[in-house]
Structures are given as C-alpha cells and as structure tokens.
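The values are calculated or read from the model by the stated rules, or taken from the named source; none is laboratory data. Note that the structure is predicted; figures quoted are calculated from it, not measured. Positions of Cβ are backbone-derived with ideal geometry, glycine not excepted, and every protein chain shown enters the neighbour counts. Note: areas computed on protein heavy atoms with side chains; ligands, DNA, RNA excluded. Shrake-Rupley method; radii C 1.70, N 1.55, O 1.52, S 1.80 Å.
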Amino acid sequence: RPLARNAGVRRSGPEGLEVIVPAYRADIIHPVDVVEDVGVGHGFERFGKALPRAVTFGRPDPLTAFGSSVRQVLIGLGYFEVATLSLSNPRDQFDSKGQAADATATAVKNPVSEDHTLVRVSLVPSLMTILRKNKHRELPQRIFEVGDVVQDSKNLRCLAGASLHSKAGFTECKSVVQSFLKAITLEPEMAQWDLPGYVPGRSAKVHVRGVEVGAFGEVAPSMLEHFELGYPAVVFELDLEALMRLRETSR
C-alpha cells in the first residue's frame with residue numbers, strides 16, 4: 001500500500017522502513033519501543049500463541065550494572081545516595097566556581113524556571129544544592145550520586161560525592177577516593193592541581209594508568225558562600241565510563 005506523503009513511516013531500502021518519531025513522543029528511546037507500538041496497534045492477541053523459535057535472555061546494560069556495583073562501595077564508605085535533577089543553571093555550574101560559562105553547555109530553549117536553564121556539566125553543584133537544603137540537619141553529612149552530565153554535547157555517566165562537617169579536609173577525601181578505586185580493583189595516581197572551585201593547593205586530579213578519570217579536593221570558601229554553607233566541605237567527581245573501560249582492560 002503506498003505511503004502517505006506526510007506519514008511517520010517511509011521506505012528505507014527494498015525491504016526496510018524508516019520510522020520518523022515526532023518530538024512529543026519522548027518515550028520512544030529504542031527501536032523496540034516502535035515494535036511495541038506496532039504490537040499494540042495490531043493487537044497482541046492477533047499474533048497467535050506459537051512459542052518463539054529463538055530463546056534469548058535479557059541482561060543489564062554494562063554501564064548500568066557497573067553503576068549499581070559502585071553504589072554499594074560508596075554506601076560501605078558511609079555515604080548516603082541522593083538523586084538530583086539533570087537541569088541546573090549557570091550560577092551553580094560556573095559562577096559558583098569562578099568560571100566563565102561554557103559556550104558548549106546544552107541550554108534549555110524555553111525554561112520554566114531560572115534555576116533550570118541548562119543541562120548540568122558537573123554533578124558537584126547538584127550535591128552542594130542538596131547540602132544547602134539540608135544545612136539545618138546534624139553533621140557530618142556525606143552524600144553521593146551516580147548520574148549523567150553533558151559535556152561537549154555528549155552524555156557522560158559520573159560519580160560524585162561530598163562530605164560536609166567541621167573537620168572535612170583534603171586527607172579525608174583522598175582516602176575515600178583511594179579506597180573506592182582500590183575496591184573496584186584499580187590503582188589510582190594523584191597529582192596536585194589547582195582547579196576552579198577548590199582551595200588552592202588542596203585539590204588534585206586522579207589518573208589510572210595515565211588516563212585522567214576525575215578530581216577531588218576542598219571546596220573553596222567562595223563556593224561555600226555561594227551555596228550558603230557554614231562548614232568546610234570536600235568533594236570528588238569521577239568518570240564512571242572511563243573507570244569501567246580501565247577495569248575491563250585490566251582483566
């Protein structure tokens with residue numbers, strides 16, 4: 001049957017069809033979602049009751065499974081997991097660190113709030129926001145998040161943690177990062193490096209076999225003031241995708 005001129009499906013090759021997904025169908029994220037829609041429209045009861053000729057078994061996405069395993073390590077180190085929004089704003093993402101706004105950051109075209117105007121490029125400001133909202137709670141507070149950020153128009157799965165209390169310092173954060181990486185069978189290499197948003201001389205980059213995988217350090221007073229925190233804090237952020245690849249190549 002010939003296709004309508006403006007239909008959502010068009011021919012692709014002699015035997016294929018290309019499905020054009022409308023923008024409002026945010027639930028279509030995989031070809032199998034299109035197959036499900038076809039099944040619903042056709043009626044599952046009309047497919048018959050024959051057993052499939054091939055038996056297959058599902059398995060978790062490797063990065064998702066790795067993220068689940070690292071959660072258990074952080075919980076064992078005394079951190080509490082949180083989940084925050086993927087949207088943020090330039091004040092928290094850049095101004096709080098004394099950085100110029102990144103022109104490559106993914107902006108929201110029609111934001112509903114001035115607090116949610118771009119997709120975050122780092123998890124750390126999201127954790128600092130959680131600490132600000134819970135500053136009336138007792139200390140110490142240690143939280144972490146496994147989540148996605150967008151850098152250079154690419155999604156990255158990261159792990160970040162923050163610790164807030166009167167004696168939070170560089171040594172504490174270094175020992176947590178070392179313990180975490182050794183728990184996932186990786187040997188870290190740390191090099192002192194002054195990074196935006198950290199106290200000068202109290203921050204470091206983390207490498208594994210020469211590959212940069214993250215950073216950690218003491219939060220600068222200006223950043224603490226931005227998030228209205230009255231106690232010292234230390235934070236770390238690691239690239240989970242890089243860590244997963246390094247662990248796989250070491251086996």
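Would it be correct to say that residue 86 is within 15 Å of the chain's Cα centre (by Cα), more than 22 Å from residue 176 (Cα to Cα) and open to solvent by less than 90 Å² (accessible area, probe 1.4 Å)? The answer is yes for residue 86. When segment 58-84 is filtered for residues that are among the aliphatic types (A, V, I, L, M) and closer than 18 Å to residue 173 by Cα, the ones remaining, listed by number, are 70, 73, 74, 75, 77.
For (1) polar (S, T, N, Q); (2) within 25 Å of residue 194 (Cβ to Cβ); (3) in contact with an Asp or Glu (Cβ under 9 Å, 6 or more places away or on another chain), each residue gets a yes or a no:
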{"position": "74", "(1), (2), (3)": "no, no, yes"}
{"position": "88", "(1), (2), (3)": "yes, yes, yes"}
{"position": "92", "(1), (2), (3)": "no, yes, yes"}
{"position": "123", "(1), (2), (3)": "no, yes, yes"}
{"position": "148", "(1), (2), (3)": "no, no, no"}
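All of 243, 238, 229 fail the test of being crowded, with 16+ Cβ neighbours inside 10 Å, touching a Gly at 6+ places or on another chain (Cβ under 6 Å) and touching a residue at least 12 places away in the same chain (Cβ under 8 Å), apart from 238. For segment 94-212, the strands (runs of 3 or more DSSP E) that sit wholly inside it and include 3 or more residues that are open to solvent by 50 Å² or more (accessible area, probe 1.4 Å) are 141-151, 154-164, 189-192. Residue 97 meets each of the listed conditions (1) touching a residue at least 60 places away in the same chain (Cβ under 8 Å); (2) more than 21 Å from residue 161 (Cβ to Cβ); (3) not polar (S, T, N, Q) apart from (2).
Among the residues of segment 62-83, those that are of a type in the set (Val, Ile, Thr) and open to solvent by less than 60 Å² (accessible area, probe 1.4 Å) comprise 70, 73, 82. I'm checking my understanding of the structure. Among residues of segment 39-61 that are assigned to a helix (DSSP H, G or I) and surrounded by 10 or more Cβ atoms within 10 Å (Cβ to Cβ), which one is farthest from the chain's Cα centre (by Cα)? Looking at residues that are assigned to a helix (DSSP H, G or I) and surrounded by 10 or more Cβ atoms within 10 Å (Cβ to Cβ), I get 42.
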